[in-house]
Amino acid sequence: MDYLNSKISQEEIRQINAEVALINQDYSPTAPGHLKCEIFDLLEKVGTLIFYTFNEEHLWGIYVCKNEKHYFIINSAIELEKQVFAGAHELAHSLDIAKVKFEIVTADLMTEYVNNKKFGEEIKKADNIANRFAAEILVGTKKLQERFNELPETYSTVAKAVLLSDVFLVPYKTIVKRFVETGLITDERIIEELLNVESSKIKSIAERYECCRKNFEVTKEKRLGGYVNKALTLYEQELSTYEELQDRLNLLEKKPEDFGIVDDNFDMYEFLRRASENPEAEEDYDDED
């Protein structure tokens with residue numbers, strides 16, 4: 001079956017695991033293989049993390065490497081579980097194991113991570129490696145096995161996959177693929193059934209067990225990697241005008257007034273115009289301020 005055909009070698013898997021172990025040691029000693037939203041903290045340590053609301057739900061994330069600096073752009077208009085996986089995937093592209101200069105992560109690419117019947121070999125090896133890296137760093141083998149064994153045996157395998165997607169804050173299909181990769185499930189018939197579960201059923205199971213609320217949350221966060229602070233600093237140091245500050249903050253639907261800044265620039269043209277018309281203009285102008 002297609003999803004059982006590995007597109008990356010055992011040596012590449014070894015390299016991925018080594019990289020994951022190193023990152024866990026340096027950045028996530030308290031939660032190896034169980035990062036969830038902590039993946040965003042890690043991205044901020046590596047480069048510039050940007051959240052923006054793109055109207056295209058097909059777009060999950062963008063990675064750009066420019067002048068040896070890393071930029072991770074996450075579409076916050078999609079569900080949080082997808083943001084998390086996209087973030088981990090893009091992190092891999094900043095590393096030697098799957099290095100690229102530019103990439104756009106789409107829903108199709110994430111679907112391919114589970115089942116390549118449609119896309120086949122069109123997906124680049126770097127993306128296959130990035131997907132496996134994301135899975136390993138978000139859903140560690142040991143943690144997955146522990147949590148899987150804690151679930152009641154009476155639960156269906158589909159229900160277990162949904163509950164585990166809640167535990168690890170990743171898409172349902174990521175858990176299914178990890179079942180295969182870790183050997184937790186080897187029956188091809190069961191795997192095929194898991195892959196063909198409709199999204200409506202997944203959400204129905206989540207409602208039954210009262211889980212995955214955070215998974216399905218659409219945050220619509222806007223964060224431009226310290227952009228607001230930089231814009232305010234430029235203005236405070238008189239390196240930009242009030243109007244330029246307005247334009248920059250407008251990108252995030254914010255205003256200078258949100259940060260206690262009002263336009264107190266002295267308008268000489270307006271002052272002179274009013275003074276020529278009214279001898280008391282200077283006093284009036286001061287009163288308005």
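Quick notes on this structure:
- Any hit, the stretch 78-94, residues being surrounded by fewer than 18 Cβ atoms within 10 Å (Cβ to Cβ) and polar (S, T, N, Q): no
- Of the helices (runs of 4 or more DSSP H) lying entirely inside the stretch 157-199, the ones with 3 or more residues being hydrophobic (A, V, I, L, M, F, W, C) and either over 24 Å from the mean Cα position of the chain (by Cα) or over 11 Å from residue 144 (Cβ atoms) (or both) are found at 157-168, 188-195.
- Residue in the stretch 124-140 that is farther than 24 Å from residue 92 by Cβ, in contact (Cβ under 8 Å) with a residue 12 or more places away in the chain, out of contact with any strand residue (DSSP E or B) (no Cβ under 8 Å at 6 or more places or on another chain) and not aliphatic (A, V, I, L, M) present: no
- Test: residue in the stretch 32-41 that is under 22 Å from residue 102 (Cα atoms) and either modelled with pLDDT under 90 or among the polar types (S, T, N, Q) (or both): no
- Tally, over the stretch 190-249, of residues that are modelled with pLDDT under 90 and aromatic (Phe, Trp, Tyr): 3
- Among all positions in the stretch 107-118, there is no residue which is out of contact with any His (no Cβ under 9 Å at 6 or more places or on another chain), assigned by TED's automatic domain parsing to the domain that holds residue 176, modelled with pLDDT of 90 or more and of a type in the set (S, T, N, Q).
- Count of residues meeting criterion [over 20 Å from residue 216 (Cβ atoms) and either touching a strand residue (DSSP E or B) at 6+ places or on another chain (Cβ under 7 Å) or charged (D, E, K, R) (or both)] in the stretch 152-200: 7
- For the stretch 213-252, taking the residues that are of a type in the set (Ser, Thr, Tyr) and either assigned to a helix (DSSP H, G or I) or in contact (Cβ under 8 Å) with a residue 40 or more places away in the chain (or both), the one that is nearest to residue 80 (Cα to Cα) is identified as 219.
The values are calculated or read from the model by the stated rules, or taken from the named source; none is laboratory data. These numbers come from a predicted model, not from an experiment. Quick reminder, even Gly has a Cβ in these numbers, built from the backbone with ideal geometry, and neighbours come from all protein chains shown.
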